[in-house]
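Reviewing the structure listed below.
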Amino acid sequence: MVFAAVIANCAGVIPGAFASNTRPSVYEATLEEQGRTTPEISTDEIKSILAKGNAVVFDARPKDEYAMAHIPGSVNLDERQLGRITQTYADRATAMVVYSNGPFCDLARIKSDELVHLGYSKVSRYQLGLPVWRILGYAAETTLQGFRQIFRAGNAVIVDARNRAEYAAGTVPTAQSILAGEASRAKQDRRLRYLDPNTRIVVFANSAREARGVAEEISRNAYPNSSYFDGTYQELKREKFFLERTPSPYFLDGLTR
């Protein structure tokens with residue numbers, strides 16, 4: 001149901017035979033697994049939970065994966081943290097949501113079952129996980145450690161969402177300049193013209209909020225593997241894992257503002 005709805009949305013048309021006010025949208029859908037210990041929630045539900053803060057959202061993936069990209073507002077639940085969970089959350093009635101790497105990843109199921117075994121009574125799963133979250137146009141968040149790993153791997157597109165003057169004065173090596181409102185145009189010029197729509201893209205700016213806006217705009221222009229750095233450019237500079245450079249004329253050519 002989820003992937004059929006995603007494909008229909010991408011095509012821009014939902015066939016009349018499938019259109020019905022009684023059927024859930026892709027944002028309201030769940031995997032609908034039978035016989036599981038813990039119930040599922042939809043993308044709309046996890047968005048509401050994160051906005052209201054009325055449950056703890058756990059990312060069940062390894063800490064390195066979490067560092068590179070996770071649902072904003074989630075907490076990593078690796079093996080060490082699971083061992084301390086009863087100290088951190090003493091109230092067994094604490095509402096909890098667990099997600100991992102998508103519909104077919106067992107980590108969310110396993111970790112949620114372990115939480116139930118520890119006595120927690122309000123555990124649910126966002127079984128669709130990070131991949132579907134991103135396919136639906138929501139950017140992931142990248143920590144400082146994750147940004148460092150991505151930069152050193154050298155296989156991602158780095159986007160500078162600060163203003164043009166700041167970009168021209170010095171930036172992360174090879175970073176492209178893409179401002180709010182430019183993602184669609186950047187798909188047509190050299191900045192986002194990549195054959196693989198799953199190209200990893202990470203955005204930084206002078207604030208996480210500014211970077212998130214551009215990352216989500218890029219994601220909704222069919223580059224779902226987008227994330228944003230959860231800090232500022234000054235924080236990146238202080239870590240000294242790259243040498244700041246002025247962009248070459250090739251990167252500056254054709255840019256306005």
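The values are calculated or read from the model by the stated rules, or taken from the named source; none is laboratory data. Treat the numbers as computed from the prediction; the structure is a model and nothing was measured. Cβ placement follows ideal geometry from the backbone for every residue including glycine, while neighbour counts extend to all protein chains displayed. Each accessible area value is taken on the protein alone, full model and side chains, heavy atoms only, with ligands, DNA and RNA left out. Shrake-Rupley method; radii C 1.70, N 1.55, O 1.52, S 1.80 Å.
List of remarks:
- Only one of the listed residues (A93, A108) is modelled with pLDDT of 95 or more and open to solvent by 40 Å² or more (accessible area, probe 1.4 Å). That residue is A93.
- Within the stretch 155-169, considering residues that are farther than 15 Å from F229 by Cα and modelled with pLDDT of 95 or more, the one surrounded by the fewest Cβ atoms within 10 Å (Cβ to Cβ): A165
- Checking each residue in the stretch 117-154 for being open to solvent by 30 Å² or more (accessible area, probe 1.4 Å), under 22 Å from L50 (Cα atoms) and basic (K, R) picks out only K122.
- Q127 vs. criteria among the polar types (S, T, N, Q) and at pLDDT below 95: no
- Exactly one residue among T199, T174 is hydroxyl-bearing (S, T, Y), on the phi > 0 side of the Ramachandran plot and open to solvent by 20 Å² or more (accessible area, probe 1.4 Å), and that residue is T174.
- A search for C-beta distances below 8 Å between a residue of the stretch 114-126 that is closer than 23 Å to H70 by Cα and any residue that is among the charged types (D, E, K, R), counting only pairs 6+ apart in sequence or on different chains, returns S124/E40; R125/R36; R125/E40; R125/R109; Y126/E40; Y126/E45.
- Taken together, S112, S121 contain a single residue that is of a type in the set (S, T, N, Q) and either closer than 20 Å to S219 by Cα or not in a loop (DSSP other than H, G, I, E, B) (or both), which is S112.
- On the stretch given as the stretch 85-109, residues that are of a type in the set (K, R) and either within 22 Å of P72 (Cα to Cα) or in a strand (DSSP E or B) (or both) total 1.
- In the stretch 42-73, the residues that are more than 18 Å from E114 (Cα to Cα) and either part of a loop (DSSP other than H, G, I, E, B) or more than 17 Å from the chain's Cα centre (by Cα) (or both): S42, K52, G53, N54, A69, I71, P72, G73
- Where helices (runs of 4 or more DSSP H) fall wholly inside the stretch 170-246, the ranges with 3 or more residues that are at pLDDT 95 or above are 208-219, 233-239.
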